[in-house]
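K.L.:
Here it is: the structure, laid out below.
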Amino acid sequence: MSMTTLGPAEIGRRLYQYNRVHTPLNSADEFSPEHMRQYWQDGFIAINNVFTAEEVRDGLDGLLHLVRGGNPDYKHVQLEEAAAAGIDPKTIVPDDREQYVRKLMWFADADPRLHAMAYHKKLMGICQRLLGSTVNMAQEMALLKPPKIGREKPWHQDTAYFNFTPLDGVIGTWTALDPATAENGCMHLIPGSHRKGPQPHYHDRDCQLPDEMIDAEQDVIVPLQPGGVLFFHGLLFHGTPPNQSAAKRRALQFHYASDQCTTFSDEQHAEIFHENGGYAGCRSAPRKISERVF
């Protein structure tokens, strides 16, 4: 059943655990064929120092430039935290906007510093080694958890958002721009869950897996240094709890699709992400968990 009515603190206690901590590789130089096998077995690999400190600073500068309205043609800043706080986004002055932003989309062509990170040779090179093919950009997204108010991203599979096939051909990358810690909402994941295949998703707190599907005892957290990257399979169960700390948690998430992938229709997507014949994915016609038949 849905835990939404229990509130953020209780959701955090029941759905997220903190005693199993993954240790990332120190650098991409340590990446080996064994880690490629680990990716396909566990569904992820984490590597610190993929980006330099200077590249991280440039990425943050580019992100803040867009958040503060520095590119008037860019319209993809989502001030969701302002709405949650009952504040009219139009009344927020540029320098104060960051604390109310949850997400930015489609920004690589809006700022050259972010473009450099999205198409970074080392980042894309690791993706290509993991998938065994050339990759193409599928999605650009920045994810922010402002101090104290940054909310949960419930457990989900990213392929519920995409229409690429085969599903194994989609890889996500999650790059920390700040220290990503247990306190401020680093990534949580269920190792090996990608091997369960596509699962029904619903719109309750967000597009998500049903809460009762999550075995929190298997939860592993992945702290990262700024410039560290989590590479993960598009079907891996993952989520992030609320930021209850005084620290910012900003990250860039890029998805890449193998050049062997093709696209399929929403109808075909529905045949995969369904339950009892009803569409349960995140591409169209969402259903709330309250509409499920238990």
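K.L.:
Using θ = phi - 60° and the Karplus relation 6.51 cos²θ - 1.76 cosθ + 1.60, list the HN-Hα couplings for the stretch 264-271 in order, rounded to whole Hz, with x at every Gly or Pro.
P.N.:
Those phi angles translate into 9, 6, 4, 5, 5, 4, 5, 5 Hz.
K.L.:
Just to be sure I understand the curve: with the Debye formula and one point per C-alpha of the chain, what is log10 I(q)/I(0) at q = 0.07, 0.09, 0.15, 0.16 Å⁻¹?
P.N.:
Treating every Cα as an identical point scatterer, log10 I(q)/I(0) equals -0.24, -0.41, -1.26, -1.45.
K.L.:
A follow-up question, please. Using the Karplus curve 6.51 cos²θ - 1.76 cosθ + 1.60 with θ = phi - 60°, work out ³J(HN,Hα) for each residue of the stretch 42-50 in order, rounded to whole Hz, and write x for Gly and Pro.
P.N.:
9, x, 6, 8, 10, 9, 7, 6, 5
K.L.:
From the square roots a ≥ b ≥ c of the eigenvalues of the alpha-carbon gyration tensor of the stretch 1-100, which class results: rounded (a/c under 1.5), prolate (a/b over b/c), or oblate?
P.N.:
oblate
K.L.:
Using modelled amide H (1.01 Å from N, peptide plane; none on Pro or chain starts), what sits under 5 Å from the amide H of residue 25, excluding residues fewer than 5 places away?
P.N.:
So residue 25 has HN proximity to 46, 47, 48.
K.L.:
Here is a further query. With +1 on each Lys and Arg Cβ and -1 on each Asp and Glu Cβ, and nothing else charged, work out how big the dipole of the chain is about its Cα centre, in Debye to the nearest 20.
P.N.:
Dipole about the Cα centre, nearest 20: 300 debye.
K.L.:
A further question follows. Compute, for the stretch 200-243, the length of the dipole vector about the Cα centre, with Cβ point charges of +1 (Lys, Arg) and -1 (Asp, Glu) only. Units Debye, rounded to 20.
P.N.:
280
K.L.:
Taking θ = phi - 60°, what integer Hz values does the Karplus form 6.51 cos²θ - 1.76 cosθ + 1.60 yield along the stretch 247-261, in sequence order, with x for Gly and Pro?
P.N.:
Along the stretch 247-261, the couplings run 9, 6, 9, 10, 8, 10, 10, 10, 10, 10, 10, 4, 5, 8, 6 Hz.
K.L.:
Next question. Could you tally the net charge around residue 111, taking each other residue with its Cβ under 13 Å from the Cβ of residue 111, Lys/Arg +1 and Asp/Glu -1?
P.N.:
Combined, the nearby Lys, Arg, Asp and Glu give -3.
K.L.:
Tell me what the chain gives for mean residue ellipticity at 222 nm when only DSSP H runs of n ≥ 4 count, each as -39,500 (n - 2.57), the sum divided by the residue total, rounded to 500 deg cm²/dmol.
P.N.:
It lands at -6000 deg cm²/dmol.
K.L.:
Further, regarding this structure: Starting from the Cα of residue 153, draw a straight line to each of the aspartates and glutamates and keep only those under 14 Å, dropping any in the same chain fewer than 8 residues away.
P.N.:
Hits, sequence-local ones excluded: 80, 81, 204, 206, 211.
K.L.:
Something else about it: Can you tell me how the stretch 101-162 classifies by the Cα gyration tensor, rounded, prolate or oblate, using a/c under 1.5 as the rounded cut?
P.N.:
Oblate, since a/c reaches 1.5 and b/c is not below a/b.
K.L.:
Roughly how far apart, in whole Å, are the Cα centres of the stretch 12-34 and the stretch 49-123?
P.N.:
One Cα centre to the other: 26 Å.
K.L.:
Do any cysteines of the chain lack a neighbour Cys whose Cβ is under 4.7 Å away, and which are they?
P.N.:
Taking the Cβ cut-off of 4.7 Å, the unpaired cysteines of the chain are 127, 186, 261.
Coordinate-derived values only; no laboratory data. Not measured: the values here are computed from a predicted model. FYI the Cβ positions are ideal-geometry reconstructions off the backbone, even for glycines, and counts take in every protein chain you see.
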